[in-house]
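One structure below.
The values are calculated or read from the model by the stated rules, or taken from the named source; none is laboratory data. This structure is a prediction, so every number in the text was calculated from the model and none was measured. Cβ coordinates were reconstructed from backbone atoms using ideal geometry, including for glycine residues, and neighbour counts include every protein chain displayed.
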Amino acid sequence: MLPAARRQFLTGLGASLILPATATAAFARAARPRTLRLYNTNTGEKFRGEYFNGEGYLRDAWQELNWFLRDHHVDAAIEMDPRVFDLLWRLTMQYRWARKSGVTINIHSAYRTKETNEKLRSEGAARNSLHMAGQALDVTVQGYGIYFLVNHVQRIGAGGVGTYWRGKFCHIDTGPPRRWYSRI
């Protein structure tokens, strides 16, 4: 049985979640199925599967990913920007040479409510963080260090790319192009 918060979220999304490939035109030209292998470091949950079938985003997968990327502090989720999923897929493709079975991307932070983001301000969260709009993720890749990750993240065409050396993770988002480095 699903937790009440998840049932309410999934029910509320309705049938509007399958998007045609034109929703992200850059990826529409490369119309082929896309799969992800993700691990949420906060909840221990895993997502493994196809989220895009070559023609559009799969509704069930999108709902599952939205919940998977929720603010785990309060079990709140929103409809994530589908370009975030595509950034994760593009990052996965940067490691395709590494393993035949693919790599798993660790999610350290995804959607944040305004309240959660405010609590994280002392740890360096931006006041108007794109995490609150479902447009940002903090990630690592299982089995690979920060140097590989930084090089690969810079190649995927993310809007914002933040490198957090002490935390050994990268921030990626679908906002305007910008780069930053932090010792946090």
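So here's what we get for this one:
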read-out	value
Checklist (1) over 14 Å from the mean Cα position of the chain (by Cα); (2) at pLDDT below 95; (3) not basic (Lys, Arg) applied to residue 92, failing item	(1)
Meets criteria (assigned to a helix (DSSP H, G or I), under 29 Å from residue 183 (Cα atoms), within 16 Å of the chain's Cα centre (by Cα) and modelled with pLDDT of 95 or more) for residue 84	yes
Tally of residues being under 19 Å from residue 88 (Cβ atoms), at pLDDT below 90 and among the polar types (S, T, N, Q) across the stretch 160-184	0
Some residue of the stretch 113-120 being within 16 Å of the chain's Cα centre (by Cα) and surrounded by fewer than 15 Cβ atoms within 10 Å (Cβ to Cβ)	no
Residue list for the stretch 100-130, restricted to those being modelled with pLDDT of 85 or more, of a type in the set (A, V, I, L, M, F, W, C) and in a helix (DSSP H, G or I)	130
Residue within the stretch 35-57 that is surrounded by fewer than 12 Cβ atoms within 10 Å (Cβ to Cβ), at pLDDT 95 or above and over 16 Å from residue 131 (Cα atoms) present	yes
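Quick grid of which residues meet (1) part of a helix (DSSP H, G or I); (2) among the polar types (S, T, N, Q); (3) under 26 Å from residue 76 (Cβ atoms):
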| position | (1), (2), (3) |
| --- | --- |
| 132 | yes, no, yes |
| 139 | no, no, yes |
| 144 | no, no, no |
| 154 | yes, yes, no |
| 158 | no, no, yes |
| 163 | no, yes, no |
| 181 | no, no, no |
